[in-house]
Amino acid sequence: MSPRRTALAILVGPLDVHGREQPALSLDRYDRGEFLYERVGGGDVLDPSFFGETCIPRRYVEEKWTELFTFLDYIDDPTMCVQNAIVVKA
């Protein structure tokens with residue numbers, strides 16, 4: 001029996017929630033294809049040590065994730081979803 005292959009969609013926050021301290025630097029880093037993570041916490045058990053906001057540009061997905069997944073789509077259309085959606089196949 002062969003392993004079952006499934007597609008995985010990951011939702012990431014819009015860029016405007018990142019870089020509260022230095023928004024211009026965050027935009028530059030995003031434009032260069034860097035993975036951005038900002039610890040924000042979410043209250044209660046959502047501690048800032050592991051809970052935060054993430055921005056993953058398409059370039060990062062295409063350069064890094066394709067080593068592990070088959071890239072299917074990167075949806076950056078607020079009329080479809082308020083967050084960007086990354087669709088890959090294992």
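Quick look at the numbers
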read-out	value
The range 29-39 - phi-based ³J(HN,Hα) in whole Hz, Karplus 6.51/-1.76/1.60, Gly and Pro as x	4, 4, 5, 7, x, 8, 6, 10, 9, 10, 6
For Val82, Val61, order by how many other beta-carbon atoms lie within 10 Å, fewest first	Val82, Val61
Surrounding net charge for Asp31, when Lys and Arg each add one and Asp and Glu each subtract one, Cβ distance under 12 Å	+2
Residue-span extension gain [Asp73 to Glu38] - 0.36 nm each, minus C-alpha spacing	10.2 nm
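Laboratory data are not the source of any read-out in this text; all were calculated from the coordinates shown. The structure presented is a predicted model; accordingly, all values stated were derived computationally and were not measured. Methodologically, a virtual Cβ is constructed for each residue, glycine included, from the backbone with ideal geometry; neighbour enumeration extends over all protein chains shown.
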